[in-house]
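Asks: Got a structure for you, questions after.
The values are calculated or read from the model by the stated rules, or taken from the named source; none is laboratory data. Quantities reported herein were computed from a predicted structural model and do not represent experimental measurements. Quick reminder, even Gly has a Cβ in these numbers, built from the backbone with ideal geometry, and neighbours come from all protein chains shown. Heads up: the accessible areas ignore ligands, DNA and RNA and are worked out on the full protein's heavy atoms, side chains in. Shrake-Rupley method; radii C 1.70, N 1.55, O 1.52, S 1.80 Å.
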Amino acid sequence: MEIENANQIHAALMCRGLSCRAWALSHGYNPRTVQKCIQLFAPDTGLKPMWGKISKQILRDLSNEINFDLMGDKK
């Protein structure tokens with residue numbers, strides 16, 4: 001599955017039976033922080049977190065959950 005925008009990230013979580021909020025809470029993150037990361041760093045924005053360990057960790061954990069590299073590290 002190719003993921004290009006924030007809505008598709010939410011859809012990928014829903015396919016796994018999780019809301020963004022439920023996923024955030026189960027991984028120990030603030031749901032609003034996760035929501036912001038998804039909105040700011042979805043692949044179609046072209047932005048990547050340059051600072052902030054939390055943002056990078058959230059994106060790594062989300063990538064593992066939905067089996068899609070949101071960080072753009074892997075080719």
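Asks: What's the extension gain from Lys36 to Asn5 if we count 0.36 nm per residue and subtract their Cα-Cα distance? Please list the in-between numbers first.
Replies: Values: separation 31, 0.36 × 31 = 11.16 nm, distance 1.30 nm.
Here the segment from Lys36 to Asn5 would lengthen by 9.9 nm.
Asks: Toward the positive end of the charge dipole of the chain, about the Cα centre and with charges on Cβ (Lys, Arg +1; Asp, Glu -1), which of Pro49, Phe68, His10 goes farthest?
Replies: Selected residue: Pro49.
Asks: State to the nearest 20 debye the size of the charge dipole of the chain about its Cα centre, where the only charges are +1 on K and R beta carbons and -1 on D and E beta carbons. Present the calculation step by step, with values, prior to reporting the outcome.
Replies: Numbers: 10 positive and 7 negative charges, 62 e Å.
Charge dipole, the chain, about its Cα centre: 300 debye, nearest 20.
Asks: Count charges around Leu40 for me, please; just the other residues with Cβ under 14 Å from its Cβ, Lys/Arg as +1, Asp/Glu as -1.
Replies: Around Leu40, the charge tally is +3.
Asks: Right, next: Determine how many Å³ per residue the convex hull of the Cα atoms of segment 29-69 encloses. Working shown, then result.
Replies: Details: hull volume 2.7 nm³, N = 41.
Considering the Cα atoms of segment 29-69, their hull volume per residue is 66 Å³.
Asks: Now a separate question. With every protein chain present, what is the per residue accessible area of segment 6-66 (1.4 Å probe, Å²)? Can you show the working numbers first?
Replies: Values: 3760 Å² over 61 residues.
Each residue of segment 6-66 exposes 62 Å² on average to a 1.4 Å probe.
Asks: Relative contact order, percent, of segment 6-66 when contacts are C-alpha pairs under 8 Å separated by at least 6 residues?
Replies: Details: 37 pairs, mean separation 20.4, N = 61.
Relative contact order here is 33 percent.
Asks: Taking all pairs of different Cα atoms in segment 6-45, averaging 1/r and flipping that mean, what Kirkwood radius in angstroms comes out? Before the final figure, lay out each step's value.
Replies: On the way: mean 1/r = 0.0987 Å⁻¹.
Mean inverse Cα-Cα distance, inverted, gives 10.1 Å.
Asks: Report D for the chain in µm² per second (integer): Stokes-Einstein, Kirkwood Rh on Cα pairs, 10 °C, 1.306 mPa s. Spell out each step's value before the answer.
Replies: Values: Rh = 12.1 Å.
Translational diffusion coefficient: 131 µm²/s.
Asks: Leaving out ligands, DNA and RNA, and with a 1.4 Å probe, what % of the accessible surface on the chain is carbon or sulfur?
Replies: Working: 2590 of 4960 Å².
Percent of accessible area from carbon and sulfur atoms in the chain: 52.
Asks: Taking 0.36 nm per residue of sequence separation and subtracting the Cα-Cα distance, how much length would be gained by fully extending the chain between Asn67 and Met14, in nm to one decimal? Please report the intermediate quantities before stating the final value.
Replies: Details: separation 53, 0.36 × 53 = 19.08 nm, distance 1.34 nm.
Result: 17.7 nm gained on full extension.
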